[in-house]
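Chemist: Just dropping this structure here.
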Amino acid sequence: QEKVQQSPESLIVPEGAMVSLNCSFSDSASQSIWWYQQHPGKGPKALISIFSNGNKKEGRLTVYLNRASLHVSLHIKDSQPSDSAVYLCAVMNTEGADRLTFGKGTQLIIQP
Amino acid sequence: NAGVIQTPRHKVTGKGQEATLWCEPISGHSAVFWYRQTIVQGLEFLTYFRNQAPIDDSGMPKERFSAQMPNQSHSTLKIQSTQPQDSAVYLCASSFHWGAASYEQYFGPGTRLTVL
């Protein structure tokens with residue numbers, strides 16, 4: 001059964017700082033890895049996904065995937081107070097098994 | 001596009017009562033997922049429908065929990081004889097499905113179930 005672990009559990013940084021969030025997973029055959037953002041009282045919202053080894057950039061977000069080390073990271077450039085939320089790493093397993101396995105999340109607080 | 005709609009947003013039941021949660025997926029999405037979120041366990045998969053057919057219910061507790069999708073516009077999650085440990089936020093998500101590709105799952109706001 002896929003296991004997903006995230007670190008740190010919580011993070012407080014000043015506005016404008018670079019934020020780095022980490023996620024490790026157990027199945028190297030995992031099809032895709034997704035990062036979701038969740039604000040209090042809301043459902044998770046997908047931010048970015050990655051399928052192949054390497055990196056992918058979208059706006060202020062960059063994600064790095066290393067399948068050999070079973071590790072993925074999300075980096076947020078020029079963080080804003082509105083980025084304060086819980087960030088969830090989710091792994092979509094092998095072909096056809098579309099369910100997501102989530103980590104327990106990182107609580108991010110951006111201080112103005 | 002109203003997104004995924006879940007009703008009710010909050011439900012309080014007494015121990016032993018039945019709870020029915022409703023989900024309306026995004027129009028045109030063929031896959032519907034149910035997840036449960038608690039502080040202790042995090043976000044856990046419950047069950048999944050594709051084109052209204054049940055595909056994977058490996059996360060569903062075997063007793064008391066059932067899910068249905070009678071038509072493409074809504075799905076229900078029913079919990080019989082609710083217990084305090086069923087208290088959680090129940091999230092519904094929908095997505096496209098085509099071949100082996102991975103598509104974004106769009107989540108609803110959730111139903112917060114409290115069992116007294």
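The values are calculated or read from the model by the stated rules, or taken from the named source; none is laboratory data. Values in this document were obtained by computation on a predicted structure and should not be read as measured data. Every residue, glycine among them, receives a Cβ derived from its backbone with ideal geometry; neighbour counts consider all protein chains shown.
Chemist: Quickly run through region B:55-69 and pick out the residues that are over 17 Å from B:Ile79 (Cβ atoms) and in a strand (DSSP E or B).
Modeler: Within region B:55-69, B:Ile55, B:Asp56 meet the criteria.
Chemist: State the number of residues belonging to region B:77-116 that are closer than 19 Å to A:Pro44 by Cα and in contact with a helix residue (DSSP H, G or I) (Cβ under 8 Å, 6 or more places away or on another chain).
Modeler: Residues that pass the stated criteria total 1.
Chemist: Quick check on A:Leu74: is it surrounded by 19 or more Cβ atoms within 10 Å (Cβ to Cβ), away from chain B (no Cβ under 14 Å) and closer than 10 Å to A:Cys23 by Cβ?
Modeler: Yes, satisfied.
Chemist: Quick one: B:Ala67 ticks every box in (1) modelled with pLDDT under 95; (2) within 14 Å of chain A (Cβ to nearest Cβ) bar one, so which box is it?
Modeler: Of the numbered conditions (1) modelled with pLDDT under 95; (2) within 14 Å of chain A (Cβ to nearest Cβ), the odd one out for B:Ala67 is (1).
Chemist: Return the total of residues in region B:68-85 being touching a Lys or Arg at 6+ places or on another chain (Cβ under 7 Å), surrounded by 18 or more Cβ atoms within 10 Å (Cβ to Cβ) and not β-branched (Val, Ile, Thr).
Modeler: Counting residues in region B:68-85 that are touching a Lys or Arg at 6+ places or on another chain (Cβ under 7 Å), surrounded by 18 or more Cβ atoms within 10 Å (Cβ to Cβ) and not β-branched (Val, Ile, Thr) gives 0.
Chemist: Could we say that B:Thr20 is among the polar types (S, T, N, Q), within 11 Å of chain A (Cβ to nearest Cβ), over 17 Å from A:Leu88 (Cα atoms) and under 13 Å from the mean Cα position of the chain (by Cα) here?
Modeler: Spelling it out, it is not the case that B:Thr20 is among the polar types (S, T, N, Q), within 11 Å of chain A (Cβ to nearest Cβ), over 17 Å from A:Leu88 (Cα atoms) and under 13 Å from the mean Cα position of the chain (by Cα).
Chemist: Here's something else I'd like to know. Restricting attention to region B:86-102, and to residues there that are more than 17 Å from B:Trp34 (Cβ to Cβ) and more than 8 Å from chain A (Cβ to nearest Cβ), which single residue is surrounded by the fewest Cβ atoms within 10 Å (Cβ to Cβ)?
Modeler: Ranking the qualifying residues of region B:86-102, first place goes to B:Gly99.
Chemist: For A:Gln6, are the conditions met, namely being at pLDDT 95 or above and either within 14 Å of chain B (Cβ to nearest Cβ) or part of a strand (DSSP E or B) (or both)?
Modeler: Criteria met by A:Gln6.
Chemist: Next question. Please determine, by comparing only the residues of region B:33-64 that are farther than 19 Å from B:Leu113 by Cβ and in contact with a Phe, Trp or Tyr (Cβ under 7 Å, 6 or more places away or on another chain), which one is farthest from the other protein chains (Cβ to nearest Cβ).
Modeler: Among them, the one singled out is B:Ile55.
Chemist: Can you find a residue that is in contact with a His (Cβ under 8 Å, 6 or more places away or on another chain) and either of a type outside the set (A, V, I, L, M) or at pLDDT below 95 (or both) anywhere in region A:26-44?
Modeler: No, every residue in region A:26-44 fails to be in contact with a His (Cβ under 8 Å, 6 or more places away or on another chain) and either of a type outside the set (A, V, I, L, M) or at pLDDT below 95 (or both).
Chemist: Also: Given (1) more than 15 Å from the chain's Cα centre (by Cα); (2) surrounded by fewer than 16 Cβ atoms within 10 Å (Cβ to Cβ); (3) within 11 Å of chain B (Cβ to nearest Cβ), identify the lone condition not met by A:Gly43.
Modeler: With respect to (1) more than 15 Å from the chain's Cα centre (by Cα); (2) surrounded by fewer than 16 Cβ atoms within 10 Å (Cβ to Cβ); (3) within 11 Å of chain B (Cβ to nearest Cβ), A:Gly43 is out only on (2).
Chemist: I'd like to know if region B:37-58 contains one or more residues that are in contact (Cβ under 8 Å) with a residue 60 or more places away in the chain and not aromatic (Phe, Trp, Tyr).
Modeler: yes
Chemist: Just give me the residues in region B:1-40 being assigned to a loop (DSSP other than H, G, I, E, B), surrounded by fewer than 16 Cβ atoms within 10 Å (Cβ to Cβ) and not charged (D, E, K, R), in sequence order.
Modeler: B:Asn1, B:Ala2, B:Gly3, B:Pro8, B:Gly14, B:Gly16, B:Gln17, B:Ser27, B:Gly28, B:Ile39, B:Val40
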